[in-house]
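Student: Supplied in structure tokens, the structure appears directly below.
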Amino acid sequence: MERHLKHFCYVMGENPVTVFAFSLFALIVFFALFGPWIAPYDPLATNVANALQSPSWHHLFGTDQLGRDVFSRVIAATRLDLGIATSAVALSFLFGCALGCSAGFWGGWIDRLIGRFSDTIMAFPLFVLAMGIVAAMGNTVENIIYATAIINLPFYARVARAETSVRRQAGYVHAARLCGSGNIRILATQIFPNILPPMMVQVSLNMGWAILNAAGLSFIGLGVRPPDAEWGIMVAEGANYIISGEWWLAIFPGLALMLAVFCFNLLGDGLRDLVDPQRRT
Amino acid sequence: MNPAPFLDIKQLSVEFQTRNGVIRAIEDVTLQLAKGEVLGIVGESGSGKSVTAYSVIGLLDNAGSPVSGSATFDGIPVTGASESTLRDLRGREISMIFQNPRAALNPIRPVGLQIQDVLLRHGLAAPQTAKAKAIEMLGKVKIVNPERRFGSYPYELSGGMCQRVGIAIALSCDPRLLIADEPTTGLDVTTQKATMDLIRALTEERHMAVVLITHDLGMAAKYCDRVVVMEKGRVVETARIEALFSDPQHSYTKKLIAASPGPCSTLAELAPGDEARSFSSVAPSSHSEETAVGRKNVLEVVSLVKEFPLPRTIGSLLPWTRNSEEASTFRAVDDISFELKRGESLGLVGESGCGKSTTSTIITRLMDPTSGDVIFDGQNITTYPAETFAQRPERQKIQMVFQDPTDCLNPRYSAHDCIAEPLKRLRGLRNRSEIRSKVETLAKRVGLPVDLLDRFPHQLSGGQKARVGIARAIAVDPLLLVLDEPTSALDVSVQAVVLQLLDRLKREFGMSYIFVSHDLNVVRLLCERVIVMDRGRIVESGLAEDVFRRPSDPYTQRLIEAIPHFEPIGSGRPEAEG
């Protein structure tokens with residue numbers, strides 16, 4: 001444990017950008033977990049008398065057209081957005097790895113089948129495909145998760161396939177076979193742990209996309225429904241008020257969205273360094 | 001004679017900044033090189049021989065920098081010189097041949113253009129004449145049909161041809177100093193001889209100074225005038241080649257010379273040091289008294305054939321151009337048969353592509369043969385497909401030690417986990433403390449310090465990794481151990497110790513070995529019988545001594561002649577004068 005901590009500190013010390021990304025990530029996770037207790041107001045409580053106040057010490061980010069506190073809503077939305085992104089990425093990571101590893105390991109018709117399947121998904125404009133899936137399956141948060149998972153699946157499958165096929169003929173795979181391991185065990189214990197570093201980068205990049213995707217779907221009115229606090233809806237609702245000068249309605253949730261995506265993109269490098277055994281000493 | 005030496009390195013020290021603090025790679029290295037001289041830098045991996053050469057040409061890693069001392073090339077100081085000065089020196093004045101020819105060439109650019117690039121960069125050819133000059137260079141390094149090869153990509157050429165292209169690039173600007181960093185590792189012995197002869201011919205013709213970095217004393221003896229021996233970043237001995245082998249001064253040099261297997265050395269002579277002491281009571285293996293007659297066959301290979309499909313060209317897809325079926329497959333192993341007695345060791349010798357690795361992979365049942373049988377311990381094991389052989393009880397009986405000790409260990413498993421793997425899977429051991437004690441016994445048996453067991457492969461040295469590989473292979477007491485070039489990635493002194501270890505294990509546990517190697521000298525030390533393979537066929541087989549002393553097949557003769565030797569006493573390079 002101490003060794004892991006030391007390694008973590010080393011990776012952090014080597015790259016200040018990673019420190020920044022990890023702190024930002026910690027902040028986002030903190031808001032997601034403890035948002036309801038931190039938020040100064042109830043994110044859903046309306047107070048029409050107090051509507052469209054500009055940012056002040058009472059309302060850091062101002063209030064919206066129904067008098068709800070924008071700051072509280074931005075914080076409350078973190079949990080929903082992060083939740084959607086995490087579940088979607090976890091799903092596509094799981095299935096993408098399974099499909100990609102089988103394709104890379106066995107090759108032949110399995111490879112061709114899975115390859116064409118992911119090509120088919122990628123042939124559609126991904127956002128339009130996600131819209132179609134949510135529209136067809138119904139307007140719920142779960143369906144946003146499924147849609148986001150499906151459109152990201154091919155990326156995981158491809159990375160996993162490439163990394164697996166490189167390692168399929170590695171000496172330690174042959175050695176494991178000599179030690180009496182069957183194919184499934186080799187995949188699970190020998191190959192999968194070794195393809196984790198590149199997959200981690202993919203996960204981190206994908207988290208950003210998944211958040212954007214969820215927000216984008218909500219922005220056009222699919223998925224999360226008002227009055228739930230969600231960055232995409234808040235931007236969509238706030239966009240109407242920008243012309244009349246109430247810029248804070250759209251800017252702050254937009255900023256939160258941007259910071260989250262930015263954070264996950266920076267996180268990739270640091271994560272890879274953490275899970276790469278070559279850098280452990 | 002020139003009063004000032006051509007290349008003069010004075011008390012040069014280089015340090016590297018790493019995560020674990022500053023590491024001094026070379027310390028107080030002093031060496032001189034005269035014009036037209038061939039200087040060998042000999043040492044084992046990590047001795048700092050490459051760092052010395054790289055600091056001369058200014059190609060050190062960002063983390064490394066010379067901290068004291070100086071290097072001057074023909075009066076020009078190169079340590080601390082500006083990047084632009086160095087860039088002009090590199091290529092035109094000092095040139096380099098790299099260790100891995102394939103990695104040193106740009107894979108997506110035709111080789112001819114790569115030579116042309118160098119010529120144009122240094123202004124030695126006009127754009128109109130560059131192509132002709134590049135073709136001329138390809139011809140000079142004896143590439144057949146240089147006009148056609150001009151447009152070839154590196155992947156279309158063999159390793160030896162890639163290295164020739166590397167030489168052509170290095171020599172295209174007529175440099176005055178050539179640094180060759182292990183130019184023939186990874187090449188077959190006959191290719192090695194051809195490559196080195198070519199380098200010698202071309203450099204002698206141009207009166208070029210050469211620094212040859214090598215771990216192979218035999219090669220240094222054959223191609224160098226003077227040798228610098230390095231150990232742990234320091235120069236321990238500098239001597240003319242004849243003096244070095246007849247009268248080595250430093251103990252490290254003596255150890256190195258002793259560890260290099262020559263045509264008449266025996267296993268016990270190789271490393272009289274550490275390992276030998278532990279089993280000196282056991283007499284050195286004498287093959288003659290242990291006659292294999294009457295012992296039971298442990299393995300019989302009967303007319304084994306393996307064919308691989310050739311990648312189809314566009315032409316062969318058209319029905320009217322498709323000729324016979326034979327043209328679409330490649331026979332890697334072509335009808336070979338042999339047998340192996342219990343406790344016997346058999347050498348399988350040949351150059352790369354001769355089918356020896358394919359044969360060993362089929363015997364270990366990692367691959368299915370096209371036809372033929374492998375009868376192991378009275379049972380035809382080819383009837384079980386390779387896919388499911390891992391679940392058969394016979395799996396325990398045939399184990400393998402792999403060529404590359406790094407590649408064969410899972411980077412995420414500690415040494416302990418690697419050795420424990422067959423115990424868990426094949427023996428079904430579950431109790432952790434039982435596994436731990438068994439692994440520790442195995443580690444002791446192969447001479448691996450027990451406190452290293454919790455390290456990961458990248459924290460172990462090459463020799464230690466090789467021991468982990470051997471411990472894993474003998475963990476389940478196999479009857480037959482297939483050794484696929486187990487020492488080719490190791491330093492000579494480590495190789496000597498590993499060979500002795502293998503010999504001791506064989507005598508203690510009565511295992512049979514199939515020893516796959518390209519190095520006849522090494523095979524002779526460990527094996528009673530040897531099989532020489534060429535292009536998938538057995539060209540010669542017999543007792544190791546007989547094949548080695550009186551090879552009957554011309555291919556075997558060429559193979560033996562190509563091994564560079566040094567004679568411990570007397571003049572070291574009879575060929576060089578001739």
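Since every read-out is calculated from the coordinates, none of them should be taken as a lab result. Computed from a predicted model, the values in this text were never measured in an experiment. Because the Cβ atoms are built from the backbone with ideal geometry, glycine has one as well, and the counts that use them run over all protein chains shown.
Student: Within the stretch A:226-243, what residues put their amide N at less than 20 Å from the label point 7 Å along the Cα-to-Cβ vector of A:Thr140?
Tutor: A:226-230
Student: Roughly what percent of Cα-Cα pairs across the stretch B:489-549 reach past 18 Å?
Tutor: Working: 728 of 1830 pairs.
In whole percent, the share of Cα-Cα pairs in the stretch B:489-549 beyond 18 Å is 40.
Student: Give the long-range amide H neighbours of B:Glu231: residues separated by 5 or more places, or on another chain, with amide H under 5 Å away, using H modelled in the peptide plane at 1.01 Å from N.
Tutor: Here the answer is B:Val236, since their amide H atoms fall under 5 Å of that of B:Glu231.
Student: Follow-up. Can you work out the Karplus-derived ³J(HN,Hα) for every residue in the stretch A:179-196? Use 6.51 cos²θ - 1.76 cosθ + 1.60 with θ = phi - 60°, whole Hz, and x for glycine or proline.
Tutor: 7, x, 8, x, 4, 5, 5, 4, 4, 6, 9, 9, 7, 4, x, 7, 9, 4
Student: Let me ask another. Towards the positive end of the charge dipole of the stretch A:74-163, with charges on Cβ (+1 Lys, Arg; -1 Asp, Glu), say which of A:Asn143, A:Met131, A:Gly104 has the farthest Cα.
Tutor: Sorting the options by dipole projection puts first A:Gly104.
Student: Would you report the distance distribution of C-alpha pairs in chain A as whole percents per 5 angstrom bin, up to the bin with the largest distance?
Tutor: That works out to 1, 6, 11, 13, 14, 14, 12, 10, 8, 5, 3, 2, 1, 0, 0, 0, in percent per bin.
Student: For the stretch A:144-215, take N as its residue count and report Rg(C-alpha) divided by 2.2 N^0.38 Å.
Tutor: On the way: Rg = 15.3 Å, N = 72, 2.2 N^0.38 = 11.2 Å.
Compared with the compact-globule rule of thumb, the stretch A:144-215 sits at 1.37.
Student: If amide H atoms are built 1.01 Å from N in the plane of the peptide, which residues on other chains or at least 5 residues away come under 5 Å of the amide H of B:Val38?
Tutor: B:Val210, B:Asp225, B:Arg226
Student: Another question about this same structure. Given Cβ point charges of +1 (Lys, Arg) and -1 (Asp, Glu) and nothing else, what value in debye, to the nearest 20, does the dipole of the protein assembly as shown about its Cα centre take?
Tutor: Numbers: 85 positive and 89 negative charges, 183 e Å.
For the protein assembly as shown, the charge dipole is close to 880 debye.
Student: Mind telling me which of A:Arg177, A:Arg73, A:Arg167 comes out most flexible in a GNM of chain A, alpha-carbon contacts under 10 Å?
Tutor: Checking each option, the largest mean-square fluctuation is seen for A:Arg177.
Student: Cut-off 10 angstrom, C-alpha nodes, Gaussian network model of chain A. Which of A:Gln65, A:Gln169, A:Gln190 fluctuates the most?
Tutor: It is A:Gln169.
Student: Going by C-beta contacts inside 10 Å, put A:Ile150, A:Ile84 in order with the fewest on the left.
Tutor: Values: A:Ile150 18, A:Ile84 25.
Listed from fewest to most nearby Cβ atoms, that is A:Ile150, A:Ile84.
Student: At A:Gln169 and B:Arg430, where each label point lies 7 Å from the Cα along Cα→Cβ, what is the point-to-point distance in nanometres?
Tutor: According to this spin-label approximation, the distance is 3.9 nm.
Student: Tell me which residues come under 5 Å, amide H to amide H, from B:Val401 once H is placed; ignore anything under 5 positions away on its chain.
Tutor: B:Val482, B:Leu483, B:Asp484
Student: Additional query: In the stretch B:181-264, what is the volume of the convex hull around the alpha carbon atoms, normalised per residue and reported in Å³?
Tutor: Working: hull volume 9.5 nm³, N = 84.
Per-residue hull volume (Cα only) is 113 Å³.
Student: Using the alpha-carbon atoms, what tilt in degrees (0 to 90, nearest 10) does helix A:2-14 show relative to the longest principal axis of chain A?
Tutor: It works out to around 70 degrees.
Student: Relative to the present Cα-Cα distance, how much length would full extension add between B:Val67 and B:Arg295 at 0.36 nm per residue of separation?
Tutor: Numbers: separation 228, 0.36 × 228 = 82.08 nm, distance 6.38 nm.
Result: 75.7 nm gained on full extension.
Student: On a 30 Å Cα-Cα criterion, which of the cross-link pairs B:Lys222/B:Lys341; B:Lys193/B:Lys397; B:Lys254/B:Lys465; B:Lys306/B:Lys424; B:Lys35/B:Lys140 come out too long? Mind showing how you got there, number by number?
Tutor: Values: B:Lys222/B:Lys341 39 Å; B:Lys193/B:Lys397 39 Å; B:Lys254/B:Lys465 25 Å; B:Lys306/B:Lys424 33 Å; B:Lys35/B:Lys140 22 Å.
As for pairs spanning more than 30 Å Cα to Cα, those are B:Lys222/B:Lys341; B:Lys193/B:Lys397; B:Lys306/B:Lys424.
Student: Quick one: 3J(HN,Hα) in Hz for the stretch A:83-90, Karplus 6.51/-1.76/1.60 with θ = phi - 60°, rounded, Gly and Pro as x.
Tutor: Ordered by residue, 3J(HN,Hα) equals x, 4, 5, 5, 5, 5, 5, 4 Hz.
Student: If you take the beta carbon distance between B:Phe509 and B:Ser371 as r and set R0 to 30 Å, what does 1/(1 + (r/R0)^6) give as a FRET efficiency, to the nearest 0.05? Kindly include the intermediate steps, with their values, before the conclusion.
Tutor: Working: r = 33 Å, r/R0 = 1.11.
Calculated value: 0.35.
Student: Can you tell me the 0 to 90 degree angle between the C-alpha axis of helix A:126-137 and the longest principal axis of chain A, rounded to 10?
Tutor: 80
Student: Something else: Using the Kirkwood radius over Cα pairs, work out the Stokes-Einstein diffusion coefficient for chain B at 4 °C and 1.567 mPa s, in µm²/s as a whole number. All intermediate terms of the calculation are to be shown ahead of the outcome.
Tutor: On the way: Rh = 26.1 Å.
Using the Kirkwood radius from Cα pairs, D works out to 50 µm²/s.
Student: Now for a different question. For chain A, modelled as a Gaussian network with Cα springs under 10 Å, which listed residue fluctuates most, A:Cys179, A:Cys97, A:Cys263?
Tutor: Looking only at A:Cys179, A:Cys97, A:Cys263, the largest GNM fluctuation is found for A:Cys179.
Student: Could I ask something else about it? Find the percent of Cα-Cα distances in the stretch A:179-261 that exceed 19 Å, and round it to a whole number.
Tutor: The calculated P(r) of the stretch A:179-261 puts 55 percent of pairs beyond 19 Å.
Student: Each residue of the stretch B:212-227 in order: what ³J(HN,Hα) in whole Hz does its phi give by Karplus 6.51 cos²θ - 1.76 cosθ + 1.60, θ = phi - 60°, with x for Gly and Pro?
Tutor: Whole-Hz 3J(HN,Hα) from phi for the stretch B:212-227: 9, 8, 8, 9, 9, 5, x, 5, 4, 4, 7, 10, 10, 8, 9, 10.
Student: Please rank B:His122, B:His518, fewest neighbouring Cβ atoms within 10 Å first, as an exposure proxy. Can you show the working numbers first?
Tutor: Numbers: B:His122 18, B:His518 22.
Fewest to most other Cβ atoms nearby, the residues stand as B:His122, B:His518.
Student: Additional query: In whole Å, largest first, what are the principal axis extents of the Cα atoms in the protein assembly as shown?
Tutor: Per principal axis, max minus min of the Cα coordinates gives 107, 73, 66 Å.
Student: Shifting gears a bit: Could you grab the relative contact order for the stretch B:432-549? Cα pairs under 8 Å, six or more apart, rounded to a whole percent. Intermediate results must be reported in sequence, preceding the final value.
Tutor: Details: 105 pairs, mean separation 20.5, N = 118.
Reported as a whole number, the value is 17 percent.
Student: Which is farthest toward the positive dipole end of chain B among B:Met219, B:Gly21, B:Ser493, measuring Cα position about the Cα centre, with Cβ charges +1 (Lys, Arg) and -1 (Asp, Glu)?
Tutor: Towards the positive end, the residue furthest out is B:Gly21.
Student: Take every Cα pair under 8 Å in chain B that's 6+ residues apart, average their separations, divide by the length, and report that relative contact order as a whole percent. Could the numbers behind the result be given before it?
Tutor: On the way: 1077 pairs, mean separation 87.8, N = 578.
Answer for chain B is 15 percent.
Student: Using just the helices of the protein assembly as shown, give the 222 nm mean residue ellipticity in deg cm²/dmol: DSSP H runs with n ≥ 4 each add -39,500 (n - 2.57), and the total is spread over all residues, rounded to 500.
Tutor: Details: 33 runs with 409 residues, N = 859.
Calculated from helices alone, the mean residue ellipticity at 222 nm is -15000 deg cm²/dmol.
Student: Which of B:Val14, B:Val522, B:Val349 has the fewest other C-beta atoms within 10 Å, and how do the rest follow up to the most? The partial results should precede the final answer.
Tutor: Working: B:Val14 25, B:Val522 21, B:Val349 30.
Ranking B:Val14, B:Val522, B:Val349 by Cβ neighbours within 10 Å, fewest first, gives B:Val522, B:Val14, B:Val349.
Student: Got the relative contact order for the stretch A:1-130 handy, in percent, Cα pairs under 8 Å and 6 or more residues apart?
Tutor: Working: 106 pairs, mean separation 21.0, N = 130.
Worked out over the stretch A:1-130, it gives 16 percent.
Student: Could I have the simple spin-label model distance between B:Arg24 and B:Lys254, label points 7 Å from Cα toward Cβ, reported in nm to one decimal?
Tutor: Here the modelled spin labels are 2.6 nm apart.
Student: I've got another one for you. Please report how far the C-alpha centroid of the stretch B:477-529 lies from that of the stretch B:38-68, rounded to the nearest whole angstrom.
Tutor: So the separation of the two Cα centres works out to 33 Å.
Student: Now, a different point. Over the Cα atoms of the stretch B:409-530, what is the Rg over Rh ratio if Rh follows Kirkwood? Could the numbers behind the result be given before it?
Tutor: On the way: Rg = 14.3 Å, Rh = 14.9 Å.
Taking Rg over the Kirkwood Rh, I get 0.96.
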